[in-house]
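Down below is the structure, laid out as structure tokens.
Since every read-out is calculated from the coordinates, none of them should be taken as a lab result. What you see is a predicted model; the values in this text were computed from it and never measured. Here the Cβ positions follow ideal geometry from the backbone for every residue, glycine too, while neighbour counts run over all protein chains shown.
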Amino acid sequence: MTEVFDEWDELNADFKELETVNKTYLKHLEDLTGHQKKCQEQIKHQKYRMNIVVKKLDKIKKTKENEKELSELQNNILKRKAQINEVEQTLPKENGLYLKIILGNVNVSILNKEDKFKYKDEYEKFKLILSGICFVMAVLNYFIHFRALELSYIFLLVWYYCTLTIRESILKLNGSRIKGWWRFHHFFSTVAAGILLIWPDNSTWMAFRHQFALFNIYLSVVQFLQFRYQRGALYRLKALGERHNMDITIEGFHSWMFRGLSFLYPFLFAGYMFTLYNAYTLYLLSYYPDATWHVRVLCAMFCILFLGNTATAIGVIPSKFNEKVKLQYKIMSERLSNQLLNRDNDDQQELEKKEH
Ligand code: COA
């Protein structure tokens, strides 16, 4: 009995310690929320006043005397915008409408750079694994005509694109610069796959199914090439932001990127031509006597995908030439915040050593 009671008393003492730690933790949480609110208010203030400065700056006439000062100020404004953006990345954000509908009001902001990187990396891996599965399923469907297999493949496509829209909305909320079209493209593809799912198994589908399977086999190959490019860019950008990493420069990153894009683009454009060819085949099929509305709607959807993909992919190239300056400031402020973080960590370690 005494042994049990002694043990219980000991446990009580430990529990008191747990309570104290928990109180400190809650206090820090409260402080954290307070600091987050303060940061958000100050960001608003910075943006508001910066707008006024920019408007006033636009009204000033450029002369030889003030040219240097003006361009210096413009550069500083650009730099400040990048810095504010960096600060914003460390603060929680409210979910957009789509995420609110799907997930409710749960907080999906990722406040830590390393976790953001991991989430993006995981997203790329997810796409790679799923495109591998889709490749196998498409090959099977090309050679075997079994309706259940076909339907499960198309259902997988619906689920895959739908999941991408959710993951991409979370990425966007956490600062990804993913273009609106690519996100819309995945919403649109979800609907297209849904229509394919309910397309009746008639002569029009029989005439299209082989071409569709081939198209998907090709898409999986392109997605693998995209994965290699996107992952390479992700790791290189991370290395650029790190203080000690001198192996890679912005110039080096840009020349790698242009090499990567010039390799990838022919494959992408061949894919877009295939999309257009799908639309053309569907157009011809729409004249079949048993053609249902699915054929016409999918024909229009493939056309829209062709136009949107081509226009967006072409539009990326000029933006790559202009983004050098932005990237420079982004990397600079990233390095700066990494430096501050490391300095804080060093201070903390020194303090702990002294305490010991
Ligand atoms: N899907 C998801 N995310 C994409 C994307 C896509 N298709 N294209 C770009 N992104 C992301 C990038 O990873 C980057 O994210 P980050 O801000 O989190 O780092 C952001 O959007 C900005 O990218 P951007 O600089 O505009 O382009 P990029 O150099 O990363 O890629 C392309 C340019 C053209 C290679 C890329 O957009 C692409 O592969 N597009 C083709 C997609 C396609 O056509 N799919 C159908 C296959 S036929």
Phi angles of the stretch 163-168, converted by Karplus (6.51 cos²θ - 1.76 cosθ + 1.60, θ = phi - 60°) into ³J(HN,Hα) in whole Hz with x for Gly and Pro, give 5, 4, 4, 5, 4, 5
Quick calc of log₁₀ I(q)/I(0), the chain, Debye, one scatterer on every Cα, no solvent, q values 0.07, 0.10, 0.15 1/Å, result -0.48, -0.84, -1.37
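Translational D (Stokes-Einstein, µm²/s) of the stretch 81-185 at 10 °C and 1.306 mPa s when Rh comes from the Kirkwood sum over C-alpha pairs?
101
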In this structure, the FRET efficiency calculated for ASN76 and TRP182 from their beta-carbon separation, with R0 = 35 Å, to the nearest 0.05, is 0.60
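Hey, what did the stretch 27-123 get for relative contact order, percent, Cα under 8 Å, at least 6 apart?
24
Given a cut-off of under 8 Å on Cα pairs at least six residues apart, what relative contact order in percent is computed for the chain? Mind dumping the intermediate values first?
Working: 224 pairs, mean separation 63.6, N = 356.
Relative contact order here is 18 percent.
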For the stretch 1-110, listing GluC sites (Glu not before Pro) in a DSSP loop whose Cβ sees at most 15 other Cβ atoms within 10 Å gives GLU65, GLU94
